[in-house]
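To start, the structure under review is shown below, and the notes come after it.
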Amino acid sequence: MKFGIAVYPGSNCDYDTYRVIRDVLDEEPQFIDYRETNLKGFDCIILPGGFSFGDYLRPGTLAAHTPLTSAVKEFAEKGGLVIGICNGFQILTEAHLLPGALMPNIHGKFVCKPQYLKVENNKTPFTNLCKENQILKIPIAHHDGNYYIDEDSLKKMEDKGQIVIRYCDKNGNISEEANPNGSVGNIAGIINERGNVFGLMPHPERASESILGSEDGKYILESILNYLK
Amino acid sequence: MDEKILSAHGLTVDEYKRIKELIGREPNEVELGIFGALWSEHCSYKSSKPFLKVFPTEAPWVIQGPGENAGVVEIDDKYAVAFKIESHNHPSYIEPFHGAATGVGGIIRDILSMGARPVCAFDSLRFGDPRKDGTRNNIKDAKPIAQGVVKGIGFYGNCIGVPTIGGEVVFDEVYAGNPLVNAFCLGILEKDKMYRARATKIGQKMVMVGSATGRDGIHGATMASAEFSEETEDKRPNVQIGDPFFGKRLIECTLEVMQKGLIEGCQDFGAAGLAGSTSEFGSKSGMGVRVYLENVPLRDENMTPYEILLSESQERMLYAVDEENVDEVIKIAKWYGLEAAVIGETTDTGRMEVFYKGEKVADLPISAIVDDAPVYNRPRKEPEYLKETRKFNQNDLPKVDIKEAIRKVLSSPTIAKKEWVYRQYDHEVGINTVVKPGSDAAVLRIKWAVKPEINSEKAVAISSDGNGRWVYLNPYEGGKRVVVEAVRNVYITGAKPLAITDCLNWGNPENPEIMWQFEQATKGMADACRELNTPVISGNVSLYNETVLPDKRINIYPTPIVVAVGVLDKPENAIPSFYQNEGDVIAIVGEVDKEPTINGSEFLKEVHGIVSGEIPPVNLEVEKKLAEFFQENKHLIKSAHDVSDGGLITAILESAFSEEKTFGVDVSINTPYREDFELFDEMRSIIVISLEEKDLKAVKEAAQNLGIGFKTLGRVIDKPVLKLKINSINIEEDISSLRNLWENSVRKLLD
């Protein structure tokens, strides 16, 4: 499978994602510069983590207004798979490919740590290898991961199964204590209505080799392969 | 020349005289600015140079020793690592956030200029004691400084994509007015693709790449070379502002032009800005340089030649480029959204000639600026205070309740877990961090996917240390111990220590007692490095860490920060710092029968409120044997944590506080010495290890064969309690409550 990895100026998880796709999944990654518009031939587009455009103005805002992101919108409209990780998630909300917004963490600090997550919807192209309510351990690292959406929209999203993963503790409790950034309903990852655009704050590429402490990220990356095959 | 003008440039009347002799005339204003910056302590090392010569700098694995932007050691037959530590102390007191952030940026560019991909950072921090906030006169509170510094390091490091994987934080009142921010960076490169800060031929173009030049940071080097006083607040405009977004693009651009073979040499713009970079470039190349200031991309209009030359604007790099490659280099830089311009060329005149719109504004022999900078053999005198501290006798101390003492020591912010700090740093980007912050040493895989692709099977272990209190109480022995401590943290992972880098943070060198500390400590460090075969391959000196108050002068403890780097055959072979399984045996190896001393210990300071006592010599022979022991038996040792700050009991307990869970501990210690001394001594070479019962015999024999002590203390247990029996004292405590003290103390003080 051919994965396109978006490279905005300031992206910094692009190489990590590339390496995991190539060396762990044994698939074909290719970088795509933010000035590019041709996405022909890609099976999935990954918007990686980092600080696109230095987080100037607001994380993701400037990247949302680039030729590449416009092309990604078109790609998604045609049903192509798009996954935004961390800053990639921020870009997807800023580009209105996903609803809601990611605000600064409630405590005002950057947070980097291993995080437990509960898979609420395992019927997506990105989580189909997970069991329902499976607990994953995947690290987070962000300053602006505090997901917000108004109550009505949240209710609708929940009804449609758009809340894919939530922050939880070791035992799967979705508690305030297990919420690392103040997100509404402990939301860690969501999907669009159509089910082909997924955004999440945790970094699956950082949890794809046992030597780094967890391989749970592979559940997400391999789900994509499983869906495409 | 008016003394006031000279003093504004940080020059003395004698130095001015010397300048006139060297150039045979009066310097003009621009030239005076160049001398002021390049002859500053920060750039010229004029007080410290003679003493740095004692450091051993060579080993078969050292590719580049001191003298370049960073040192380089090989880790296998194909790859090498470049590393260095540098201070950003003075700016971090004035403007904690930006001061610390630019410190990170600066050291990353140093590594980059060697042709290495920066892959990890460390930060060693020293702050005043936040428990004393609100009680000081004329000195800022420690808490906001610590908050700003940590946020600044995170801001820069997280954004630029270099993981901050370790460091240490110490809180002590001596650092209240002079916090220390030492930033370390390590990069990886192919051995035969190292770059240096030099041009390769006459007529080569000097291309400046990065951000535009503004008025920030003019005379930063001079500021960093003066003591602090009430006027320091006025120096705020001297602090540079960093932009990691530019820094990130500068990394990618520089590595790309290097990989494509388009540049011949590389130097970052650091202290003394354009004046410093171009003159050092010329000096190292053995050439002259001609600089055209009107070509420099500017951020502020109407900057004078003086300002353009001395601005310390961040995120700028100087490349030496052959004429035929200039267009391609500029094209690549612009692709990354960076400013790029040819600002000069190398010449055969040996002079630094600076032009501005056709007019020559400076014309100086490079040797005069760089090589002929003054070197001072400053007077030295053994400090008076040592007479008092040497008299201290631990046997005069009253006995204290052990249980209470353990709680106090664990809650000391210096001992307590630094999670509040490292949670704010992205320590995982790059997906190479195998052993994460919170252990004795961090362990990093040596792999990188692109620019350049590097795939070594090896890993590096890195640890930083620098107990200023030990050095204060005995500079020679303390200096030795600081090296030993950093190196020990590396070898207990099973790694082979290769080399160190150091940052020497000192007080005012014009005070003979302080200079004596400097001479003694560097001697001690050099002796340890020689014996352990870990040469010093790079480093930095920060003097004038002194606060001048109306009624007194406060100097920091002499604080050498040492970062040791070692190589591991495989990352998965690293010995963890934490117990792994219930039922495993807890033992100690090393000087297990030696008489303990609590001189200079955290226990003495936190429990008795005393900083005193003689620091005994460290036995380097034992250290060498211990290093061998860990390298040879790493497959049998489940965990290892050395006895250091907080003593034996702290090491036993910290090993139980793993990220995954809290283990119980059941240990029994029989000692002919006082129990409090046995538990809190920091002066013996002892390491707490755990191992499976079945390997006990083999490990014990291995230790005995090497002639090092071995003692079994007890077991890791399932029940979450600390059971400690020492002589007739029996303690049973809920270990989770101890963990809470250790885990939350720093957060409570700083959040």
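The values are calculated or read from the model by the stated rules, or taken from the named source; none is laboratory data. Fair warning: this is a prediction, and the values are worked out from it, not measured in the lab. All Cβ positions, even for glycine, are placed from backbone atoms using ideal geometry, and neighbour counts span all protein chains on display.
Cβ-Cβ under 9 Å, sequence separation 6+ or interchain: first residue in segment A:62-86 and more than 15 Å from A:Thr37 (Cα to Cα), partner of a type in the set (Phe, Trp, Tyr) and at pLDDT below 95. Which pairs?
Sorted first by the residue in segment A:62-86, then by its partner, the pairs are A:Leu62/A:Tyr56.
Which of the numbered conditions does A:Asp33 fail, given that it passes all the others? Conditions: (1) in contact with a Phe, Trp or Tyr (Cβ under 7 Å, 6 or more places away or on another chain); (2) within 22 Å of A:Arg22 (Cα to Cα).
(1)
In the list A:Tyr167, A:Tyr227, which residue meets the criterion of being farther than 27 Å from B:Pro163 by Cα and among the hydroxyl-bearing types (Ser, Thr, Tyr)?
On the way: A:Tyr167 fails: farther than 27 Å from B:Pro163 by Cα.
When all the criteria are applied, what remains is A:Tyr227.
Given the residues A:Glu205, A:Glu222, A:Glu176, which is the only one that is more than 14 Å from chain B (Cβ to nearest Cβ) and within 29 Å of A:Ile106 (Cα to Cα)?
A:Glu176
For segment B:237-258, enumerate the residues that are over 15 Å from B:Ala197 (Cβ atoms), more than 14 Å from every other protein chain (Cβ to nearest Cβ) and of a type outside the set (A, V, I, L, M). Even if it seems obvious, please write down each step before you answer.
Just the residues of segment B:237-258 that are over 15 Å from B:Ala197 (Cβ atoms), to begin with: B:237-253, B:255-257.
With more than 14 Å from every other protein chain (Cβ to nearest Cβ) added as a condition, the list becomes B:237-240, B:257.
Across segment B:237-258, the qualifying residues are B:Pro237, B:Asn238, B:Gln240.
Quick one: what pairs do we get from segment A:109-134, first residue more than 14 Å from chain B (Cβ to nearest Cβ) and over 23 Å from A:Leu228 (Cβ atoms), second surrounded by fewer than 19 Cβ atoms within 10 Å (Cβ to Cβ) and of a type in the set (A, V, I, L, M, F, W, C), C-beta under 6 Å, 6+ apart or different chains?
A:Lys118/A:Ile135
When B:Tyr306 is evaluated against the numbered criteria (1) over 19 Å from B:Thr102 (Cα atoms); (2) not in a helix (DSSP H, G or I), which criterion, by number, is the only one it fails?
(2)
If you check every pair at least six apart or on different chains, which have Cβ atoms under 9 Å apart with a residue in segment B:58-71 that is touching a residue at least 24 places away in the same chain (Cβ under 8 Å) and closer than 12 Å to B:Ile111 by Cβ first and a residue that is part of a loop (DSSP other than H, G, I, E, B) and β-branched (Val, Ile, Thr) second?
Close Cβ pairs (under 9 Å, with a partner that is part of a loop (DSSP other than H, G, I, E, B) and β-branched (Val, Ile, Thr)) amount to B:Gly71/B:Thr57.
Pick from A:Val82, A:Val20: which is at pLDDT 95 or above, within 17 Å of A:Leu225 (Cα to Cα), facing another protein chain (nearest Cβ under 9 Å) and touching a helix residue (DSSP H, G or I) at 6+ places or on another chain (Cβ under 7 Å)?
Only one candidate passes the filter, namely A:Val20.
Output the residue which, of all residues in segment B:442-467 that are outside any strand (DSSP E or B) and surrounded by 24 or more Cβ atoms within 10 Å (Cβ to Cβ), is farthest from the other protein chains (Cβ to nearest Cβ).
Residue satisfying both the conditions and the ranking: B:Asn467.
What is the residue count in segment B:682-701 for residues that are small (Gly, Ala, Ser) and either touching a Lys or Arg at 6+ places or on another chain (Cβ under 7 Å) or surrounded by fewer than 19 Cβ atoms within 10 Å (Cβ to Cβ) (or both)?
The total comes to 2.
Using the structure shown, decide if A:Ile190 is part of a strand (DSSP E or B) and of a type in the set (Val, Ile, Thr). Can you show your working first?
Details: part of a strand (DSSP E or B): yes; of a type in the set (Val, Ile, Thr): yes.
Taking the combined requirement at face value, the residue satisfies it.
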